[in-house]
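Let me begin by presenting the structure, written as structure tokens, before commenting on it.
Derivation of every value follows stated rules applied to the coordinates shown; laboratory data play no part. Source: prediction; values computed, not measured. Please note: Cβ atoms are built from the backbone with ideal geometry, for glycine as well, and neighbour counts cover all protein chains shown.
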Amino acid sequence: MPVAEEGNRLAVEEIMTKQAYSCTADSRVGSVLEQMSARSIHHVPVVQNRVLIGIVSTHDLLFAQRKILVEDNKRRQQIADTILMSQLD
């Protein structure tokens, strides 16, 4: 039997993640990433009042975290530059 035919006979129920995990829009990025890693999942439904309002992916969260780290590094560099300049005066 060709693979395509096998796939047509397979129900999503047989392969889906059964222990569903969701987050809310105000969930913290780090916390959701930890849960995704622990559960070996890459996408999480975002719900509000039990209604689906979006889906967030590992890529989305890592990109957001990277952006935050870049901004933090810029602020730290500005502080270090200010301290260094004040010591030169």
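Per-structure values
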| quantity | calculated |
| --- | --- |
| Potential extension, V70-R39 segment - 0.36 nm per residue separation minus Cα distance | 8.4 nm |
| Model label zone, N49; criterion: amide N under 16 Å from point 7 Å along Cα-to-beta-carbon; scope the stretch 15-36 | 24-26 |
| Dipole in debye (nearest 20) - the chain, about Cα centre, beta carbon charges: Lys, Arg +1; Asp, Glu -1 | 180 |
| Local net charge near V46, Cβ-Cβ under 11 Å (Lys/Arg +1, Asp/Glu -1) | -2 |
| Volume in Å³ per residue [convex hull over Cα atoms, computed for the stretch 17-88] | 97 |
| Farthest positive-ward along the stretch 17-88 dipole, Cα basis, beta-carbon charges - from G54, A64, Y21 | Y21 |
| Qualifying trypsin sites (Lys or Arg not before Pro) in the stretch 4-47, DSSP loop, other Cβ atoms within 10 Å at most 12 | K18, R28 |
